[in-house]
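In what follows, a single structure is set out as structure tokens and then discussed.
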Amino acid sequence: MSLLRTPAEIRNFLIGFVGLTLVSGLTIGMNKVLATLLGLHLNVSNLQLATISSAETFAMALGTLPAGYILSRGNPKYLYAGVSLTLAAIFCILPWLPHWQWVALIMFLVGLCISLRVVAMSTVFLVRLPELGQGKAGWYKGTLMLGIQFLGPLSGNYLIAHLGLQAGFVVSALMFTILAVLGWQILPSSTGSRKTVGGQIHASSWRELLQLPAVRITYLFEILASFTASSVGVFSILLAIRVLRWPQEHAVWLMATQGLGFVAVLLLLGKAVLQSRHRDRYYALAHLAIMLSLLLFGLFPTSATYLFAAALLGLGLGVNSLVNTDRIAHAPVDKAKISSHLTLFGMAGGTIGALAAGHLADVIGLRQVFLIWLAPWLAAWFYFHGQRSDRRDALATRPPVALDALAPPQGEVTR
């Protein structure tokens, strides 16, 4: 992969890449709505709907590591275009399948294809990031999530309301065709590689990584965030239709509100949160906001409350993501290994969260599921934030000592 040598080259790549990312996220988000409403069209149960949704996520988790292996030896331009055209063909036949089992199987194949696309995009962005500048570090995820969680659901809902379910899938197939052309124009012909310099040995094996507090904390809260976001995302449309009795064309607004809150934090509040001396406090408050949103979803089924809970959840997940990303960026770790692990954990957490929520919803009711999800968040909050509070109190009452005695363990970032 050749370097971007001039400001014009950097600007042109950034504009093209952000556009490709936005259209890709929009297509993924639109397809989540289409798949959910296709399941409702087939009169599936909560568990069957969760199976359809999680089949794609599970396949993406399975395909992440093989996709990295393929891309390290292949051409991202060819692979991205070929996979996008394959997805276009798949979505042309998906709405005509007669049974939910076939839909789940096809969504599994879709997930395998998308894993290759996601890894190709994230790999290219990570390699280009030193040239683009750290200030752009959140642009890829923020733009992708803007498409997935806000523009995509709204577009999918609009297409179905005005054109019908089958026409919505045809439009999605057209979008994948457009992505194949854009990817061919924008992506490089190889991913290249970058090694760290300066003589510092970075942790890369599982054992080395898990010895670092920064890594353990990030893994824990990223898994919980994915688990929670998947559960709420999959069933937000059902909550709106079956609990709030909203008309189907308005049901997508719960998902969109959560996504808009998340993206707003990611794109607009990074500097305010990460450079504040209160960032640890914001981190703790973000986790409390997530727990409060789950409590509201479980106990207060009104339109105003659910919209507020969705926005609160998006804000909490956004701050959680910002701090976790910054913590890892400053940790002495192999960034490629960490990136693949977080992608895998996010997808696995999303799969388990959707399936567990679907199973429990059929047994105890959908609203009660969100109350159950409070338990792991409470345990993690008291374990991590409670320990930090105890350490601060202990330091406050301890007589002055040498500064190096107060240094944090290697790998733990403090602000």
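FYI, it's all coordinate maths here, none of it is from the lab. Since the structure is predicted, the reported quantities are computational estimates derived from the model, not experimental observations. Please note: Cβ atoms are built from the backbone with ideal geometry, for glycine as well, and neighbour counts cover all protein chains shown.
Average the reciprocal distances over every distinct pair of alpha-carbons in the stretch 205-392, invert the result, and give the Kirkwood radius in Å.
Every distinct Cα pair counted, the radius reaches 17.1 Å.
At 0.36 nm per residue, and after removing the present C-alpha to C-alpha distance, how many nm does the segment from Leu105 to Arg242 gain when stretched out fully?
Full-extension gain reported as 46.7 nm.
With the cut-off at 23 Å, tell me which of the pairs Lys141/Lys271; Lys32/Lys141; Lys32/Lys271 have Cα atoms farther apart than that.
Beyond 23 Å between Cα atoms: Lys32/Lys271.
If each of Trp206 and Ala272 carries a label point 7 Å out from its Cα toward its Cβ, how far apart are those two points in nm?
Taking the two extended label points, one gets 4.1 nm.
Can you tell me the relative contact order of the stretch 63-134? Whole percent, Cα pairs under 8 Å, sequence separation 6 or more.
Rounded, it is 53 percent for the stretch 63-134.
For the residues Trp100, Trp206, what sequence is obtained by ranking on other C-beta atoms within 10 Å, fewest first?
Fewest to most other Cβ atoms nearby, the residues stand as Trp206, Trp100.
For Tyr383 and Ala89 in the same chain, what is the full-extension length gain: residue separation times 0.36 nm, less their Cα-Cα distance, in nm?
Net length gain for the segment: 101.0 nm.
Over the stretch 205-392, what is the relative contact order in percent, taking alpha-carbon pairs closer than 8 angstrom and at least six residues apart?
Computed value for the stretch 205-392: 34 percent relative contact order.
Around Val333, which amide H atoms from residues at least 5 apart in sequence, or from another chain, sit under 5 Å from its own amide H, with H modelled in the peptide plane?
When sequence neighbours closer than 5 places are left aside, the close amide H contacts are Ala203.
Choose one of Ala272, Gly358, Ala375: the residue whose Cα lies farthest towards the positive end of the charge dipole of the stretch 205-392 (beta-carbon charges +1 Lys, Arg; -1 Asp, Glu; about the Cα centre).
With unit charges placed on the Cβ atoms, the residue in question is Ala272.
Can you give the charge dipole size of the stretch 222-368 about its Cα centre, rounded to the nearest 20 debye, using +1 on the beta carbon of Lys and Arg and -1 on the beta carbon of Asp and Glu?
Result for the stretch 222-368 is approximately 280 debye, rounded to the nearest 20.
Counting other beta carbons within 10 Å of each Cβ, put Thr57, Thr51, Thr325, Thr305 in order, fewest first.
Going from least to most buried by this count: Thr305, Thr325, Thr51, Thr57.
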